[in-house]
Every structure is written in structure tokens, then in C-alpha cells.
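Read the structure below first, then the notes.
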């Protein structure tokens, strides 16, 4: 048996390794390195896009002087939201990408006094433009040119004042009545249409001279006459096309505010005054007075008691006068 084994030939198998070319695995390693590098690049881009501007500045400062920031700390240590100057993360800050709307708004300081002065300057400029527009409207109207001397325009503390005054031989109203003369209607129609071009509110006041009625002040007096003439002018302005919501005040002042104080009986004292009100005058006219230093939350108990006593002392029913 041993002889048979020694007689068997010895067979040696040699394995020859042949390179696989493009079918080998070397390219996979290169491709994996490329994908890893691209993933790192896009991750860097994402981090840069989602990092706040302050953080980027801190990172930039760190790489400019890394040893200084590492040893001394400070605002350049990489986190702009840190409470501590030496670095560290603010625990109150939520991590993740920050939306534009979540960033805190920038604080702006407004000089209220300067803003108010600028508003008044612009307001006066607009009133001056309105004054020029009314003057141009009168000049372009052949019917109104002859009444130009009776239309007075000036800018007062309340706004642009337009006064239509009587002349000796050319009154605006029939004597002692609130009946408008035809030319007065034309003036009011032209002015009313021009006033529609501005958002300002209008105040109308009627004035008379100091001549008294025969019945005296107890009967129909200059007070009633001036108020009736102011209302007649209001109706005519609206009839001419002016928006009725623009009017906030209609008053009759009798002869209390004379145009010519040296001559109380002068025809120019009989007039209708229209005021294109500025913002301050408009707000004052839109409020019926107001409490000064006393409101519903007042802590002054004595003031509250006085008000309560006054209310209790009022009669429960009012008699007609």
C-alpha cells in the first residue's frame, strides 16, 4: 500500500493572478473618496448658509488670530450669541437653521421733535400750494376776477384762512338776511371744488359788523344772523360739489372778532371765513374739550368725591328753555 502511494505523481497547482483592468475594484476606492469629499463640501456650504452673520465674523476672527482668541477669549471666539466674552454657547438659543423672520428687528431711534417739525413744514408747504391753486382758479375765472379784492387768503396758526368780505357797494348777503347774492354763490362753488383736492377738514365762521338790530340782543340779533350766514355758506359749498364730510365746525361769531377794529361798522367786518385746518387744529375741533389731570383711573379720592357729589346734586329731569 505504501509503495502505491510513493508511485503516484505529485501534482502542484499554481494560481496565476491576472489584473482585472476596469473590472477590478481600485476605481471604487477613488469614487468613494470623491463622494466623501463632495459630501463634506456640501455640508460646509449648508453650514455657511445656516450660520448667523455674527457667528461667521467670529469664525473669521478666530482663524485670523487663533492663538490670541484661544488665550484671551472675546467676541471673536466664534459665537456672537454668547453671554460670556470668553466663548461658550448661550443655552437660551435654539439650535438649527434660523429663518429671516426670526431675526430680531433692528432698533431705530426716532427724533420725535425733528419729525414733528418736518411734518409741520410739509403741511405748510401743502397749504401754500392750495393757496396758489385758489388764486389761480380765481384768476382763470372771468366772472370771479372782478371780485378778487373781496377774497382774502392767508396762513394762520390753524391753517389756510379764506375770507370773503363785503364791499361798500357789493355785499355778499342781502341786508339783514342770510340770503346769498348770486356772485357769492359762484365764489363758494369755485372754492368748494378746489378744497376737494386736499384731505384737510374745513371750519366755517360767520361774522357781522357791530350794527345792532332794532330789537336788541333779546330778539333776532347778530349772533343768529352770523350763524345763519355761516350755515347758508356751508349749504352752498356742498351744492357746488364739496364733500360735506370735510366740514367739522360751523359757528356764528357776530361782531366778536372784527376784521377792522378801528371801524366796527366797516363793511369788511361782514364776512365769511373758511379755514382749511391743519392737523393740530383739526384734532382740537374734533374733540369736545377734555379732562385735564383727571381721568377714570385717578387716585385722587377727593376729586372723585367732588365729581360724585356734583352728579348726585343734578336734577333727575331737565326743564325746557
Report task. Determine which single condition residue 274 fails, assuming it passes every other condition in (1) in a helix (DSSP H, G or I); (2) at pLDDT 90 or above. Result -> (1)
Requested in this report: Considering each of 152, 144 in turn, give the residue that is assigned by TED's automatic domain parsing to the domain that holds residue 188, closer than 21 Å to residue 185 by Cα and not in a helix (DSSP H, G or I).
Outcome: 152
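Let me confirm something: among 238, 191, which residue is surrounded by 13 or more Cβ atoms within 10 Å (Cβ to Cβ), closer than 30 Å to residue 122 by Cα and modelled with pLDDT of 90 or more?
Result of the check over 238, 191: 238.
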Query raised in the report: Do we find that residue 263 is more than 29 Å from residue 121 (Cβ to Cβ) and modelled with pLDDT under 90 in this structure?
Result: no
Query - Test result for residue 211, assigned to a loop (DSSP other than H, G, I, E, B) and either in the same structural domain as residue 169 (by TED's automatic domain parsing) or at pLDDT below 85 (or both) - result: yes
Report task. Show the residue pairs that are 6+ apart or on different chains and have beta-carbon atoms under 7 Å apart, the first residue being within the stretch 230-250 and assigned to a strand (DSSP E or B), the second being exposed (fewer than 13 other Cβ atoms within 10 Å of the Cβ). Result -> 248/286
Report task. Exactly one condition in (1) closer than 20 Å to residue 259 by Cβ; (2) out of contact with any helix residue (DSSP H, G or I) (no Cβ under 8 Å at 6 or more places or on another chain) is not met by residue 207; state its number. Result -> (2)
Query raised in the report: How many residues does the stretch 129-147 contain that are more than 19 Å from residue 198 (Cα to Cα) and surrounded by 12 or more Cβ atoms within 10 Å (Cβ to Cβ)?
Result: 4
Query - residue 299 being at pLDDT below 85 and assigned to a loop (DSSP other than H, G, I, E, B) - result: yes
Query raised in the report: Taking the condition under 19 Å from residue 257 (Cα atoms) and part of a loop (DSSP other than H, G, I, E, B), does residue 176 pass?
Result: yes
Requested in this report: Would you be able to tell me the number of residues in the stretch 194-210 that are within 20 Å of residue 269 (Cα to Cα) and buried (at least 17 other Cβ atoms within 10 Å of the Cβ)?
Outcome: 7
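The values are calculated or read from the model by the stated rules, or taken from the named source; none is laboratory data. All values derive from a computational prediction rather than experimental measurement. Note that each Cβ is placed from the backbone with ideal geometry, even for glycine, and that neighbours are counted across all protein chains shown.
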